[in-house]
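Contents: one structure, followed by commentary.
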Amino acid sequence: MRDALRELLRNRELLYMITWREIRIRYKQSVMGLLWAVLMPIIITSAGVMVRIVASKVSGRPITGADIGGIGVKALPWAFFVSALKFGTTSLTGNSSLVTKIKFPRLVFPMSSVLTSLFDMAIAIPVLVFLLPFAGAQWSVTMLWVPLLLLLMILFTAGLCILFSAANLFFRDIKYLVEVVLTFAIFFTPVLYDARLAGQWRWVLMLNPIAPILDGLDGSIVRHQQPDLVWLAYSMGISIFLFWGGVVFFRRLEPRFAESV
Amino acid sequence: MSEHSLRLNHVFKRFRRGERHDSLRDLIPSLVKRAVSRDRERALAAEEFWVLNDISFELKKGETLGIIGHNGAGKSTMLKHLSGIMEPTRGNIEVNGRLSALIEVGAGFHPDLTGRENVFLNGVILGMSRAEVKRKFDEIVEFAGLEEFIDTPVKRYSSGMFARLGFSVAAHLEPDILVIDEVLSVGDFAFQRKGLEKMRAIAKSGATVIFVSHNLQAVAEFCQRGILLEKGRVIADGPTDQVVRRYLDTASIHEDRPARGPVRIAKTAIRGVDGQTGRFAAGQKARVSVTLDAIAATEKVAVVIDVFNTEFYEVFNTSSERLGCPPLSLAAGERATCDFDVELNLGPGTYYLGVYLYRYDVEREYDHVFPATSFVVTTDRDTRGSANLYPAVARFESAAPLALVRAVGN
């Protein structure tokens, strides 16, 4: 594990260049340019607002600015997660010519997918920060939780990317599996809705390791509440374990990549 | 620092033939199979084979080594082991110093990025730091001769320009050990020469160079030492000249291939009138012998031979039928031989001979082998190209001053 990280650090220029290539290509090819980065969160947020409007008609409870702000806050990391995982899963198979022709730490590929998606998120964040006050959000001390929550989100995403990129190299149908699961995962994850809506069944939703992180972000930014520490610790444990396990798994299979791709 | 720069100790590599399980759908059956068969380390299951079989050798600093062998002898696998892309099943490889492998030019190039962007990307991928690329940037671009097009996306490059830029980046790596694949066969003739010159300069600067190529002439020209691989084993190791000769001497036997049709090419050989093989002088007479075995009854077989140069450009093609010889019908188990007499009016270089068995009236291909065998043509005159026009300079002299010629003419 420590070797892997040290190797990654030694090859940081490579990681930088591969990420730079991805970003460059993505924005060169799309007519919309940087708008691309905000498009996905906007669509997710709109869908969420839609869901909320319907829900409020049924329950008779009016929608508040905080509801919409909360959806926006959760939409960004969710968009990051989905795009990173989608690109990450195919990052090794998509670069097969590099994998079979040149020697360097392959961990660079899934990691660059994460960094590329992180770049998209970084572009969208200022837009969100600009819009949040209109939804009634204000500065508060609880926002100090945000860096930790984002870090966990990144760790969890990176772990899955590393795991799936290697798995997809050996079993090409993993890619389809990931795509199908990602399409419907938004219904199982409290992005568009709030986990507390489930009442006593909230804990089932919170078993999804992303749920406590998203809930924590919503709470600390919009509702000025501390994250639920028990669930946060649970998420943290899973994220760290997943990242560690992913790297170990990846490193063990790495020597066989070139002949299997 | 120790004297050797590379050492292979009993390197083995196992490959599996046939279908691979590469989807979850197939995982379960393969897991069951794996559980049933134990002791996978030493023994080879039926569908497995050693693609590298007990390979040991040592390279001194500054040595130039050429690795040759027929297709499927294990050359590419060997390269991938040397460059660290694959790991041996057994044995180990010691590398002493910075090793760069040039297995494919322009790996990692992206068509949408400009030449400049790709130089940086490719340089870092190949192991340079960005500062290093920056320092050598002008030199790289100049070597490729692409100063004008460096800010154009490489998708607008011709394949020659693409290859030149890729090669140029790789040629500026300054490694201690350089492993080169076919990459020298890129670009036009002038650039190939330039590339070979560059390689020579790298070797002269004290780097160890390993060169794998189909181009026997380039190997012979460039390397002091040669290794001949066959079926994953080193069968010859010594001065390149001797090893190349040994390679060319082996009449190609194809009997162990699985049959593709009712008749199979068993053996191909090309011999001079006095029986020599492998190396011929331009213009010499030679005989191409093809032996074929009928596995089942076969009707109307004709034999086609063709000759390719090292760029795999077809320079000659003929067939028994087109030369006026009627096709042969064979009974099961029957063996036939077809001999062609040829004159090797070829330019200097390495040539490959391909053999086809064909039925003309229904246009059916029974079998083909390429390359069935190869040979080298030498000439005492310095010419280039596949054709030989046997040139001699008849006259090249200065006559009278031009003004005088005109004056006299008037």
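The values are calculated or read from the model by the stated rules, or taken from the named source; none is laboratory data. Computed from a prediction, not measured in an experiment: that's the story for all the values here. Don't worry about glycine lacking a Cβ; one is built from the backbone with ideal geometry, like all the others, and counts go over all protein chains shown.
Data table
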{"quantity": "Any hit, the stretch B:179-186, residues being surrounded by fewer than 18 Cβ atoms within 10 Å (Cβ to Cβ) and in contact (Cβ under 8 Å) with a residue 12 or more places away in the chain", "calculated": "yes"}
{"quantity": "Within the stretch A:168-190, considering residues that are touching a residue at least 12 places away in the same chain (Cβ under 8 Å) and over 16 Å from the mean Cα position of the chain (by Cα), the one surrounded by the fewest Cβ atoms within 10 Å (Cβ to Cβ)", "calculated": "A:Arg172"}
{"quantity": "Listing of helices (runs of 4 or more DSSP H) fully contained in the stretch B:48-150 that carry 2 or more residues being surrounded by fewer than 21 Cβ atoms within 10 Å (Cβ to Cβ), over 27 Å from the mean Cα position of the chain (by Cα) and of a type in the set (Lys, Arg)", "calculated": "B:130-144"}
{"quantity": "Exclusive hit being within 13 Å of chain B (Cβ to nearest Cβ), touching a helix residue (DSSP H, G or I) at 6+ places or on another chain (Cβ under 7 Å), part of a helix (DSSP H, G or I) and closer than 28 Å to A:Gly72 by Cβ, set A:Phe164, A:Phe243", "calculated": "A:Phe164"}
{"quantity": "Odd one out for B:Ala282 among (1) more than 30 Å from B:Gly226 (Cα to Cα); (2) surrounded by fewer than 20 Cβ atoms within 10 Å (Cβ to Cβ); (3) at pLDDT 90 or above", "calculated": "(1)"}
{"quantity": "Any hit, the stretch A:80-88, residues being touching a Phe, Trp or Tyr at 6+ places or on another chain (Cβ under 9 Å), in a helix (DSSP H, G or I), surrounded by 16 or more Cβ atoms within 10 Å (Cβ to Cβ) and aromatic (Phe, Trp, Tyr)", "calculated": "yes"}
{"quantity": "Qualifying residue in the stretch A:64-77 (condition: loosely packed, with under 15 Cβ neighbours inside 10 Å and away from chain B (no Cβ under 14 Å))", "calculated": "yes"}
{"quantity": "Of residues in the stretch A:217-239 being of a type in the set (Val, Ile, Thr) and within 27 Å of A:Leu128 (Cβ to Cβ), the one surrounded by the fewest Cβ atoms within 10 Å (Cβ to Cβ)", "calculated": "A:Ile238"}
{"quantity": "For A:Leu92: the one exception among (1) part of a helix (DSSP H, G or I); (2) at pLDDT below 90; (3) within 14 Å of chain B (Cβ to nearest Cβ)", "calculated": "(2)"}
{"quantity": "Cross-chain or 6+ apart pairs with Cβ under 6 Å, the stretch A:84-99 first and on the phi < 0 side of the Ramachandran plot, then aromatic (Phe, Trp, Tyr)", "calculated": "A:Thr89/A:Phe164; A:Ser91/A:Phe109; A:Leu92/A:Phe109; A:Asn95/A:Phe109; A:Val99/A:Phe257"}
{"quantity": "So B:Ser168, is it of a type in the set (Gly, Ala, Ser), surrounded by 19 or more Cβ atoms within 10 Å (Cβ to Cβ), under 30 Å from A:Leu15 (Cβ atoms) and in contact with a helix residue (DSSP H, G or I) (Cβ under 8 Å, 6 or more places away or on another chain)", "calculated": "yes"}
{"quantity": "Members of the stretch B:90-104 that are facing another protein chain (nearest Cβ under 10 Å) and either more than 18 Å from B:Ala201 (Cβ to Cβ) or in contact with a helix residue (DSSP H, G or I) (Cβ under 6 Å, 6 or more places away or on another chain) (or both)", "calculated": "B:Leu99, B:Ala101, B:Leu102, B:Ile103, B:Glu104"}
{"quantity": "Subset of the stretch B:269-296 [part of a loop (DSSP other than H, G, I, E, B) and either more than 14 Å from B:Ala336 (Cα to Cα) or in contact with a strand residue (DSSP E or B) (Cβ under 7 Å, 6 or more places away or on another chain) (or both)]", "calculated": "B:Val273, B:Asp274, B:Gly275, B:Gln276, B:Gly278, B:Ala282, B:Gly283, B:Gln284, B:Ile295"}
{"quantity": "Candidate set: the stretch B:158-214, residues that are modelled with pLDDT of 85 or more and polar (S, T, N, Q); chosen: the one farthest from B:Leu228 (Cα to Cα)", "calculated": "B:Ser158"}
{"quantity": "Strands (runs of 3 or more DSSP E) contained in the stretch B:164-244 and holding at least 3 residues more than 28 Å from B:Phe109 (Cα to Cα) and more than 17 Å from the chain's Cα centre (by Cα)", "calculated": "B:233-239"}
{"quantity": "Residues of the stretch B:63-77 satisfying the condition of being away from chain A (no Cβ under 11 Å) and either touching a strand residue (DSSP E or B) at 6+ places or on another chain (Cβ under 6 Å) or at pLDDT 90 or above (or both)", "calculated": "B:Glu63, B:Thr64, B:Leu65, B:Gly66, B:Ile67, B:Ile68, B:Gly69, B:Ala73, B:Gly74, B:Lys75"}
{"quantity": "Any hit, the stretch B:151-164, residues being farther than 30 Å from B:Phe12 by Cβ, out of contact with any strand residue (DSSP E or B) (no Cβ under 9 Å at 6 or more places or on another chain), surrounded by fewer than 19 Cβ atoms within 10 Å (Cβ to Cβ) and within 12 Å of chain A (Cβ to nearest Cβ)", "calculated": "yes"}
{"quantity": "Enumeration of residues in the stretch A:4-59 that are among the acidic types (Asp, Glu) and touching a residue at least 60 places away in the same chain (Cβ under 8 Å)", "calculated": "A:Glu7, A:Glu22"}
{"quantity": "For A:Gly60: the one exception among (1) away from chain B (no Cβ under 14 Å); (2) surrounded by 12 or more Cβ atoms within 10 Å (Cβ to Cβ); (3) not aliphatic (A, V, I, L, M)", "calculated": "(2)"}
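Residues checked against (1) in contact (Cβ under 8 Å) with a residue 24 or more places away in the chain; (2) surrounded by 17 or more Cβ atoms within 10 Å (Cβ to Cβ); (3) among the polar types (S, T, N, Q); (4) part of a strand (DSSP E or B):
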| residue | (1), (2), (3), (4) |
| --- | --- |
| B:Leu357 | yes, yes, no, yes |
| B:Pro371 | yes, yes, no, yes |
| B:Ser374 | yes, yes, yes, yes |
| B:Arg384 | yes, no, no, no |
| B:Tyr390 | yes, no, no, no |
| B:Arg395 | no, no, no, no |
| B:Ala400 | no, no, no, no |
| B:Ala403 | no, no, no, no |
